[in-house]
1. Give the calculated FRET efficiency between residue 250 and residue 87 to the nearest 0.05, with a Förster radius of 45 Å applied to their Cβ-Cβ distance.
2. At 37 °C and 0.692 mPa s, grab the translational diffusion coefficient of region 45-101 from Stokes-Einstein with a Kirkwood Rh over Cα pairs, rounded to a whole number in µm² per second.
3. Using only Cα atoms, tell me the angle between helix 302-347 and the longest principal axis of the chain; keep it within 0 to 90° and round to the nearest 10.
4. Which of the aspartates and glutamates could a cross-linker span from residue 390 if the Cα-Cα distance has to be under 12 Å and same-chain partners fewer than 8 positions apart are dropped?
5. Kirkwood Rh over Cα pairs of region 182-323 into Stokes-Einstein at 20 °C, 1.002 mPa s: D in µm²/s?
6. Can you give the direction-averaged projected area of the convex hull of the alpha-carbon atoms in region 4-166, in nm²?
7. Largest first and in whole Å, what are the equivalent-ellipsoid semi-axes of region 270-310 based on the Cα gyration tensor, each being the root of 5 times an eigenvalue?
8. Kindly identify region 140-179 as rounded, prolate or oblate by the Cα gyration tensor criterion: order the square roots of the eigenvalues as a ≥ b ≥ c, call it rounded if a/c is under 1.5, otherwise compare a/b with b/c, prolate if a/b is larger, else oblate.
Amino acid sequence: MLDHACHPFQILADISRAAETVDPIDELLERILAAAVDLFHAKGGTLRVLQLPSNELRLRASVGLSATYLEKGAVTVRQPLRRIYAEGPLVIHDVQTDPHMQYPEAAAAEGVAAIIEVPFRVLPDCYMSLRLHFGGPVAPTEEDLGFLTILGRQGAQAIRDTLVPDRYIKTFRNVSRAVHAGNDTAAILQGIVSQITDLLSAAGCIYWIIDTTGQRIEAKVSHGFAFRSLAAVDYAALVKIFDPAPGRTVIIEDAHADERIPDPQGLGKQHIRTVVGLCFDIDAHIVGILAVYFSGPRRLNPREMDFLQVLGEQGAISLLRARCYDARMLDTFRQTVEGLVMALEAKDAVTHGHSLNVGLYARRSALAIGLTPREADLLYHAGLLHDIGKIGMTDKILARLGRLTPREMGQIRLHPVIGARILEPLLFLDELVPMIRHHHEHYDGSGYPDGLRGEAIPIGARILTACDALETMIAGRPGIPRRPADEAVAELRRGAGTRFDPRVVQALCGMLQTGGIGPDSTHPDAPLPDTTGRFPLGF
Ligand SMILES: [Fe+2]
C-alpha cells in the first residue's frame with residue numbers, strides 16, 4: 001500500500017512545513033490529500049468536514065474524482081459520531097456490498113472498488129473525514145493506516161486553527177456582553193468554565209473563589225468534574241497548588257509527580273496530568289483562580305493563554321459587580337430590618353430588647369447545631385423580626401398581654417401570619433418569611449398557625465420558638481419574674497419533643513450551662529453583625 005519509494009516521511013515533513021506557511025487553508029488541504037493519493041496509489045480522495053448539529057459531511061478538498069461522482073448527493077453520517085471516532089480508520093473492501101456505502105451505483109460508475117476512511121475529531125463539535133478511493137482491492141497494514149492518520153492530522157489541525165480564533169472571539173464577545181448586561185454571575189462563570197473545557201479540549205475547568213483573609217473557599221463553579229469529587233479540596237490545598245496572588249500563573253506538567261498535589265486521588269483528579277491555573281484579583285481579599293485540567297501532557301500556546309486570561313478577567317469583573325451590588329443590597333436590608341424593629345418597639349414597649357436577644361440566641365443556636373454562618377445571620381434577622389406581626393395588633397390588646405379574653409387571644413395568634421405578610425413583598429427578606437410564619441408551631445403539632453409537626457416545621461422556626469421561650473423566661477416580663485438559668489434549662493427540657501425540637505433544646509441548654517447565653521451575655525444595643533464578607537451569590 002504505502003509506497004516507501006516515494007519517501008513518505010520526506011513528504012510528511014514537507015506537509016508539516018507547508019502547514020506553517022501555506023495559505024489559504026484549502027490549498028494546504030489539497031496538498032495533504034494529493035500526497036496521500038500519491039503515496040497510496042489511490043484513484044482519488046476527498047476531505048470532508050462535519051460541523052454539528054449538521055449531519056452532512058461537506059466537501060473541503062478532492063483529488064482525482066469526477067465532478068459527477070462528487071455531486072452524487074449529500075454524504076451523511078449514519079452512525080453515532082462517538083463510535084466512528086472511537087473505532088478509527090475504516091476499510092471498505094467492496095463498495096458494492098458494504099453497508100457503510102451510501103451511493104454504491106455512483107461508486108461503480110466512477111470505477112471505485114474500495115475505500116479507506118480515516119475520521120478525525122477537530123473540535124468537540126467538528127469532525128473531519130479523509131477518504132481514499134481505490135480502483136482495485138486494498139490491504140492496508142496497521143502501519144499504513146497509522147501513517148495516513150498522521151498525515152490527515154495535519155489537515156485536522158489546520159482546520160482547527162482556522163476555527164478556534166473565531167470561536168475565541170465569539171466566546172469572548174458573548175461572555176463580555178453578559179458581564180456588561182449585568183447577567184447572573186453564577187451563570188456567567190458556568191459559561192466560562194464550560195466554554196474553556198470545550199474549546200481547549202480539557203478534562204475540566206474550575207473557577208475557584210477564595211477569601212484570603214478568612215482563609216476559606218467562598219465558592220466554586222466547575223465543568224467536567226462531579227461536584228462530589230471536589231469536596232475534599234480545601235483552602236490549604238488550593239493555596240499550596242496555586243499560591244494565589246493576582247497575576248500569577250501556575251503550570252503543573254505532571255500532576256502525579258508534582259509535590260504541590262499531595263494526593264491526586266483525593267482531589268478526584270486521578271486522570272489528570274496537566275494543570276494550568278491563573279489568579280485574578282477581585283477585591284481586597286477575594287481572589288479568583290481559574291484552573292484548567294488536562295488528562296494528558298498539554299502545553300498551551302500564547303493564544304490559548306490569552307484566551308484564558310481574558311475570560312478569567314471577565315469572570316472577575318462579573319464577581320466584583322455582584323459583590324458591589326450585594327453590599328448595596330445588604331445596606332438596604334439592614335436599614336429595612338432596623339426600621340421595622342424600631343416601628344415594632346415604638347408600638348410594643350413591653351418587648352423592648354426581647355427581639356434583639358431572641359436574634360442573638362437564635363444565631364448562636366444555629367451555629368451550635370451546625371448551620372452555616374450565613375444561615376445563622378438569617379436567624380439573627382428572623383429573631384429581630386419574629387414578632388413584627390404585632391405591628392398590626394391594637395394597642396389595647398398589646399397592653400393586656402397575659403390577661404386576654406379568648407377572642408383577644410385569637411387575634412394575638414394571628415401575628416405570625418401578619419408578620420409573614422408584612423415581609424413577603426420584600427423579596428430580599430423572602431428567606432425569613434417561613435421562619436416568622438411558623439415561630440409559634442410546636443414540635444408535636446399543637447402550635448399555630450398551621451399545626452405543623454416535627455421536621456415539617458422549618459428549622460429556623462424551631463430555633464426561634466425555643467429562643468423566644470427562653471428569652472421570656474430569663475429576661476422576665478412585667479408581672480412575670482426572671483427565672484434562673486437552671487430553671488430555664490429544666491423548663492426547656494420538659495418541653496423537648498412536645499413544644500420544642502430536642503436538638504435545639506440540647507444546644508440551648510449546653511450554652512446556658514456554659515454561660516454562653518444568659519440575661520447578662522448580650523447588650524440590647526449590640527450592633528447588627530457585619531455580614532458584608534459573605535459571598536454574594538446564592539451558592
Ligand atoms: Fe411571637
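1. With R0 = 45 Å, the Cβ-Cβ based efficiency is 0.75.
2. In µm²/s, the coefficient rounds to 254.
3. Approximately 20 degrees, to the nearest ten.
4. Here the aspartates and glutamates satisfying the reach criterion relative to residue 390 are 345, 348.
5. 144 µm²/s
6. Reported value for the Cα convex hull: 9.3 nm².
7. 23, 14, 5
8. Since a/c reaches 1.5 and a/b is larger than b/c, the shape of region 140-179 is classed as prolate.
Every number in this text was worked out from the coordinates using simple rules, so none of it is lab data. What you see is a predicted model; the values in this text were computed from it and never measured. Methodologically, a virtual Cβ is constructed for each residue, glycine included, from the backbone with ideal geometry; neighbour enumeration extends over all protein chains shown.
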